[in-house]
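These notes concern the structure reproduced below.
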Amino acid sequence: MIKIAIIGFGTVGQGFAELLVRKRDEIEKAIGEFKVTAIADSKSSISGEFSLSDTIKMKRETGRLRDDVSAMEIVRNAEYDVLVEASVTKIGGGDAVEYITEALRRGKHVITSNKGPIVADFDGLMKLAEKNGVKLMYEATVGGAMPVVKLAKKYLAFCEIESVKGIFNGTCNYILSRMEEERLPYEQILKEAQELGYAEADPTYDVEGIDAALKLVIIANTIGVSARYEDVEVTGITQITPEAFQVAAEKGYTIRLIAEVSREKLKVSPRLVPLHHPLSIRGAMNAAMFKTDTAGNIFVAGRGAGKEETASAMLSDFYEIYAGSH
């Protein structure tokens, strides 16, 4: 029986729990029986015997779980084999670094959707996982359901990945796509994106390129380019004008926020992209182009955010940990 503890029970944590309920039969057929033994959010928790579907309902209706035991106490003392860490991303990692560190020290596998800790201490956390004979899985930190991390680590094993160029922020891509279509000012399209839920009330994190830069640091470290957030040259999209799209279109280009990593470069900035290039993708999509020595160019695209998309990436990590043992 695989025991799971979930830390962070907002959109992503609930999404993961919902998938466990909905896909229980397929999951158990593939990797064996499992049970969620503890859940904690920032204010409350539940552990011991409880119904997962009732707990999801309780959190939705009351905003709380049953007990007052803190998330850190759950991480330290609860009985689990794998910690699913889905708390809110903070630059610098916040409490999540401690949750993940403690779980790895206890010899527990960790699956996280949280960019903060992976950016803050990639090498340290990976070494700690290795030292304790467990896995730290982080597919959900980049590109939602788009399999960027597994593609780099597993499917392109023994290829030298010379560079990765991609669109790693759906909010920016939506805004730029709409500016391209409508030739309307940035502020007007941003307002539309906020009304539709594509952009936050405070969109700084997305539109200034910070989110894309964090994801780029994770990709860089995954392909063996040692990087920290401070190493990324970052320019956002707030200065882009409708006129810029006009000029670009006349020359057969569009404008996209491109994140790029190679041995020489670590950069997030608006770039000219040929109109028929795969990276001219529209809407709230994410995309990545891997340039390799032996497999040529590999391109993936998909929805880069969303409850189910992110939860499905975490579920694929869960499968990866236990697939060989059933």
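The values are calculated or read from the model by the stated rules, or taken from the named source; none is laboratory data. Only a predicted model underlies this, so the values are computations on that prediction, with no experimental measurement involved. Reconstructed Cβ throughout: ideal geometry from the backbone, glycine too, with neighbour counts over all protein chains shown. The accessibility values were calculated without ligands, DNA or RNA, using every heavy atom of the protein model including side chains. Shrake-Rupley method; radii C 1.70, N 1.55, O 1.52, S 1.80 Å.
Taking the chain as the reference, fit the longest principal axis to its C-alpha atoms, fit the long axis of helix 122-131 to the helix C-alpha atoms, and give the angle between the two in degrees, 0 to 90, nearest 10.
30
Per the 1.4 Å probe, what fraction of the accessible area of the chain, in percent, lies on carbon and sulfur atoms?
49
Below 19 Å, Cα to Cα, which aspartates and glutamates can LYS251 reach? Residues fewer than 8 away in the same chain don't count.
Filter leaves GLU180, GLU181, GLU182, GLU243.
Tell me, what is the percent relative contact order of the chain, built from C-alpha pairs under 8 Å that lie six or more residues apart?
Worked out over the chain, it gives 20 percent.
Relative to the present Cα-Cα distance, how much length would full extension add between ARG60 and LEU275 at 0.36 nm per residue of separation?
Difference between extended and current length: 73.0 nm.
So for region 155-303, averaging the separation of alpha carbon pairs under 8 Å that are six or more residues apart and normalising by length, what relative contact order in percent results?
About 36 percent, as a whole number.
So which lysines can LYS267 reach, going by Cα to Cα under 18 Å and dropping same-chain residues fewer than 8 places off?
LYS115, LYS165, LYS215, LYS291
Springs between alpha-carbon atoms under 10 Å, Gaussian network over the chain: tell me which of GLU61, GLU192, GLU79 tops the mean-square fluctuations.
Maximum fluctuation in the GNM of the chain, among the listed residues, is at GLU61.
Based on alpha-carbon positions alone, could you give the equivalent ellipsoid semi-axes of region 155-303 from the gyration tensor, as √(5λ), descending, whole Å?
Values for region 155-303, descending: 27, 17, 13 Å.
Using only DSSP helix segments of four residues or longer, with each worth -39500 (n - 2.57), what per-residue ellipticity at 222 nm results for the chain after dividing by its residue count and rounding to 500?
After summing the helix terms and dividing by the residues of the chain, the value is -11500 deg cm²/dmol.
Roll a 1.4 Å probe over the protein heavy atoms and report the accessible area of THR294 in Å², nearest 10.
Solvent-accessible area, nearest 10 Å²: 100 Å².
With Kirkwood's inverse mean 1/r over C-alpha pairs for Rh, give me the Rg to Rh ratio of the chain, two decimals please.
Taking Rh as the inverse mean 1/r over Cα pairs, Rg/Rh reads 0.99.
Note down the net charge around GLY236, summing +1 for each Lys or Arg and -1 for each Asp or Glu among other residues with Cβ under 11 Å from its Cβ.
-3
By how many degrees, between 0 and 90 and to the nearest 10, does the Cα long axis of helix 11-22 differ from the longest principal axis of the chain?
Rounded to the nearest ten degrees, it is 60.
What is the sum of charges around ALA212, taking Lys and Arg as +1, Asp and Glu as -1, for the other residues whose C-beta is under 13 Å from the C-beta of ALA212?
So the environment of ALA212 carries a net charge of +1.
Hey, with R₀ at 22 Å, roughly what FRET efficiency would ALA323 and ARG22 work out to, going by the Cβ-Cβ distance, to 0.05?
So the FRET efficiency works out to roughly 0.65.
Taking the Cα centroid of region 247-326 and of region 178-207, what is the distance between the two, rounded to the nearest whole Å?
Region 247-326 and region 178-207 have Cα centres separated by 21 Å.
Give me the lysines in straight-line cross-link reach of LYS23: C-alpha distance below 17 Å, same-chain residues under 8 apart excluded.
The reachable lysines, counting only those whose Cα sits under 17 Å from LYS23, are LYS3, LYS35, LYS307.
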